[in-house]
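Trainee: This is the structure I want to talk about, given as C-alpha cells.
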Amino acid sequence: MDTVEITLQTGTVPAVFDVTAAAARFVAGKGEGLLSVFLPHATAGLAIMETGAGSEEDLLAQLEVLLPRDGRWRHRHGAPGHGADRVLPALISPSLIVPVIGGSLTLGTWQSIVVVDRNRDNRTRRVRLSFLAG
Amino acid sequence: MDTVEITLQTGTVPAVFDVTAAAARFVAGKGEGLLSVFLPHATAGLAIMETGAGSEEDLLAQLEVLLPRDGRWRHRHGAPGHGADRVLPALISPSLIVPVIGGSLTLGTWQSIVVVDRNRDNRTRRVRLSFLAG
Amino acid sequence: MDTVEITLQTGTVPAVFDVTAAAARFVAGKGEGLLSVFLPHATAGLAIMETGAGSEEDLLAQLEVLLPRDGRWRHRHGAPGHGADRVLPALISPSLIVPVIGGSLTLGTWQSIVVVDRNRDNRTRRVRLSFLAG
C-alpha cells in the first residue's frame, strides 16, 4: 500500500476544501485499485460533492440547521457551539473510498473530494491518502 | 481489480433503487475481498438499509424535512429545490464498501444496497462495482 | 483477506459502543493495508468520533431531533418509533474503512470507532472486521 499524509491550511471560518487535485496527483500512474481518503481529525468530515456552483455554501448553511453551533451540546471544550463539530463526523464520515482505473479517479464530471470543516480552532488539517492496488 | 459499470433507469420521481442483486451477481465466484460500490453522480447517494417494509418511503419523507427541496439553496441550476440534491451526497455518501466472503456479500438479513435519488432531472444512473481480492 | 466477526452486548437503551480496542487488536502485527469495519444490521450505524467527553450523548440527543422516534414512520414493526432506527443507516453508514500502517490504525488522537445503536429490541450486535493487506 502506498500512503502519504498531506497538510491543508483550513483557516478560521467554516469552509469546504477541495482535495481532488492532490488525490488525482497521488494516484497518477498507479494503475487499478482503491484510493482511501482518511481524515485523522474528530471535528471535520469528508464528502464527494459538486464545488464551484454554491453547493459548498448550501451545505454549510444547512449544517447550521441540522447541527446548530448553539448551547445545546454537552461537550463544552473550545468555542461556543464546538460540540456540534464533534458530532459532525457521525453524519459526514472522515473516511471514504474512490476506485481508481488506469491511474485516474473514477469520479463523475461534477464530483470533487472535499474536507468539510466548521471548526474555527484548528487551522491545519492532515489528510491521509492510501492506495491499495488490485 | 475487477470493475464494471452498470446502468439504472431511475425515472423522474424521488426513489430508492435496490442494486443488491447486481452486486451479488458481480461478486459471485470471486472469493474473499472488498466490494466497492461507487456512484459517479453528484446528486444521489448510496445506502445500506432494509427495503420492502416502508423504510424507503420513510427515508425520502425525512429527507424532505432534513434537506427540503425549497427555495433556500444558493445552487439554482435545474428544477426548484435542486440545490438540495447537490447537498445530499454529503450526508448520504456515493461510496461504500461491503466485505465479500466465499463470493458472497456479508450483508445482514435485512440489509440491501440502494441508490437514493431525489433528482427528477437525471433518468439514468451509473453504478461502478469494483472488487479487490485479498 | 483476514476476517472475523465480534459480538457486542448492546443493552436496551440507545447508546454508542466503542469498538476501537477490538479493531486495534485485530490489525496488530498485520502490516500495511485497509481495515473494513462492517455492521451486518439494518438498525444501527458506525461512526468515527470522539468518546468520553459528552459527544456520544450529544449525538444521541441530536438524532432524536433529526430522526425522532415518534409516530411519523411508515415502517411499523417493533417498538414505537422503530421506523427511525431503519432510516438511521442511510445517514450513519454501517460500513467504514480505516487505513492501517505498521499494524496500527491511523486514527487521530481524538478518534474512536463506534457503533451507534438506538434500537431497544436487539441486545446483541455483530461487527465484522476485515483486513486487506497491500
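The values are calculated or read from the model by the stated rules, or taken from the named source; none is laboratory data. Small disclaimer: the values here were computed from a predicted structure and weren't measured. Here the Cβ is made from the backbone with ideal geometry for all residues, glycine too, and neighbour counts use every protein chain on show.
Trainee: Taking the conditions exactly as written (under 27 Å from A:E56 (Cβ atoms), more than 14 Å from chain A (Cβ to nearest Cβ) and surrounded by fewer than 16 Cβ atoms within 10 Å (Cβ to Cβ)), does B:A79 satisfy them or not?
Mentor: Values: under 27 Å from A:E56 (Cβ atoms): yes; more than 14 Å from chain A (Cβ to nearest Cβ): yes; surrounded by fewer than 16 Cβ atoms within 10 Å (Cβ to Cβ): yes.
Yes: the conditions hold for B:A79.
Okay, residues lined up against (1) more than 16 Å from the chain's Cα centre (by Cα); (2) at pLDDT 95 or above:
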{"position": "B:G33", "(1), (2)": "yes, yes"}
{"position": "B:L39", "(1), (2)": "no, yes"}
{"position": "B:E56", "(1), (2)": "no, yes"}
{"position": "B:L59", "(1), (2)": "no, yes"}
{"position": "B:L67", "(1), (2)": "yes, yes"}
{"position": "B:R74", "(1), (2)": "yes, no"}
{"position": "B:H77", "(1), (2)": "yes, no"}
{"position": "B:L88", "(1), (2)": "no, yes"}
{"position": "B:L91", "(1), (2)": "no, yes"}
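Trainee: From B:V13, B:V65, B:V37, B:V4, which residue is more than 9 Å from chain A (Cβ to nearest Cβ), aliphatic (A, V, I, L, M), within 28 Å of B:G102 (Cα to Cα) and surrounded by fewer than 23 Cβ atoms within 10 Å (Cβ to Cβ)?
Mentor: On the way: B:V13 fails: within 28 Å of B:G102 (Cα to Cα); B:V65 fails: within 28 Å of B:G102 (Cα to Cα); B:V37 fails: surrounded by fewer than 23 Cβ atoms within 10 Å (Cβ to Cβ).
It is B:V4.
Trainee: All but one of (1) buried (at least 24 other Cβ atoms within 10 Å of the Cβ); (2) at the interface with chain A (Cβ under 10 Å from one of its Cβ atoms) hold for C:T43, so report the exception by its number.
Mentor: (2)
Trainee: I want to confirm something. Restricting to region A:84-96 and keeping residues that are at the interface with chain C (Cβ under 7 Å from one of its Cβ atoms) and not in a loop (DSSP other than H, G, I, E, B), which single residue is surrounded by the fewest Cβ atoms within 10 Å (Cβ to Cβ)?
Mentor: Filtering region A:84-96 for residues at the interface with chain C (Cβ under 7 Å from one of its Cβ atoms) gives A:86-87, A:89-91, A:93-95.
Those still in the list that are not in a loop (DSSP other than H, G, I, E, B) too: A:86-87, A:89-91, A:95.
Numbers: A:R86: 27, A:V87: 25, A:P89: 26, A:A90: 26, A:L91: 23, A:S95: 31.
My answer is A:L91.
Trainee: Could you please give the count of residues in region B:102-125 that are in a loop (DSSP other than H, G, I, E, B), within 11 Å of chain C (Cβ to nearest Cβ) and at negative phi?
Mentor: From region B:102-125, those in a loop (DSSP other than H, G, I, E, B) are B:102-103, B:106-111, B:118-123; that's our starting set.
From the residues that got through so far, the ones that are within 11 Å of chain C (Cβ to nearest Cβ) too are B:102, B:106-111.
Imposing the further condition that a residue be at negative phi reduces the set to B:106-111.
Total satisfying the criteria: 6.
Trainee: Looking at B:P99, is it over 16 Å from the mean Cα position of the chain (by Cα) and either in a strand (DSSP E or B) or crowded, with 22+ Cβ neighbours inside 10 Å (or both)?
Mentor: On the way: over 16 Å from the mean Cα position of the chain (by Cα): yes; either in a strand (DSSP E or B) or crowded, with 22+ Cβ neighbours inside 10 Å (or both): yes.
Yes.
Trainee: Any residue in region B:63-83 that's among the β-branched types (V, I, T): show its pairings with residues that are crowded, with 18+ Cβ neighbours inside 10 Å at Cβ separation under 6 Å, as long as the two are six or more apart or on different chains.
Mentor: none
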